[in-house]
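Notes follow the structure.
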Amino acid sequence: MYAYLLPLHSFLRWAIVILGVVAAARGFMGWRGNRPWQQADDRAGLLFVASLVVQLLVGLLLYLVFSPLAAAARRDLGAAMGSSILRFYGIEHPFGMVVAAIVANVGRILARRDRPARAKHRIAALFFLAALLIIVISIPWPLVPAGAGRPWFRLR
């Protein structure tokens, strides 16, 4: 199962980054351009948040059941804190992603409330951008120590 979930988790990160950029950009363009709130704005936020929820579920399965790195970190959290790799996969990555999912969900909820369109766009822009920044910081990119040796696109 790990061999299927890890590539799915890797693929979903790209969908989330793209959807997050689209949702935040729509928010900024609507806010700065003083546009009306459109169904496409709501849909962009929905797709971003929904993809985060799916990713969170896949990530929880990996973290709690299938990931050997997460299992090693959970076995001895004290020792994991001394290892940057185990600390990242056992604590920093899951914590950052849960926070990002909460921020994006709160942003979508607040943006959908009855308020002027410009305020909706501002809320969407700021919350989705904040979530996206947390996500980008929390991803084990190949260029950072925690992602060293990991591919940009995991096919297996």
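For every other residue with a beta carbon closer than 14 angstrom to the beta carbon of Arg13, add +1 if it is Lys or Arg and -1 if Asp or Glu, then tell me the sum.
Details: positive: Arg150, Arg154; negative: none.
With Lys, Arg at +1 and Asp, Glu at -1, the net is +2.
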If you count, for each residue, the other Cβ atoms within 10 Å and average over each peptide, how do 145-154, 84-93 line up from highest to lowest?
84-93, 145-154
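Starting from the Cα-Cα distance between Ala25 and Ala50, subtract it from 0.36 nm times their residue separation and give me the gain in nm to one decimal.
Taking Ala25 through Ala50 to full extension adds about 7.2 nm, to one decimal.
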Long-range alpha-carbon pairs in segment 1-124, meaning those over 16 Å apart, account in percent for 65
In whole angstrom, how far apart do the alpha carbon centroids of segment 127-156 and segment 31-70 sit?
15
I need the peptides 121-127, 71-77, 57-63 ranked by packing, meaning the mean over residues of other C-beta atoms within 10 angstrom, with the highest value on top.
121-127, 57-63, 71-77
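May I ask for the net charge around Arg150, where only other residues with Cβ less than 13 Å from the Cβ of Arg150 are counted and Lys, Arg are +1 while Asp, Glu are -1? Write down the numbers at each step before the final one.
Values: positive: Arg13, Arg154, Arg156; negative: none.
Net local charge, Arg150 excluded: +3.
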Need the full-extension length gain, Ile102 to Val17, defined as separation in residues times 0.36 nm minus the C-alpha distance. One decimal, nm.
29.0 nm
Describe numerically, in nm with one decimal, the distance between label points set 7 Å from Cα along Cα→Cβ at Arg115 and at Ile91.
3.5
Listed residue (Phe11, Met81, Gly33) projecting farthest to the positive dipole end of the chain, Cβ model
Gly33
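Please identify the DSSP H helices in the chain that span no less than 18 Å along the helix axis (Cα) and have a mean Kyte-Doolittle hydropathy of -1.0 or more.
Qualifying helices: 2-33, 39-61, 93-112, 117-138.
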Place a +1 charge on the Cβ of each Lys and Arg in the chain and a -1 charge on the Cβ of each Asp and Glu, then give the dipole magnitude about the Cα centre in debye, rounded to the nearest 20.
420
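Every number in this text was worked out from the coordinates using simple rules, so none of it is lab data. Predicted model, so just to flag it, every value in this text is computed and none were measured. So basically every Cβ, Gly included, is an ideal-geometry build from the backbone, and we count neighbours across all protein chains shown.
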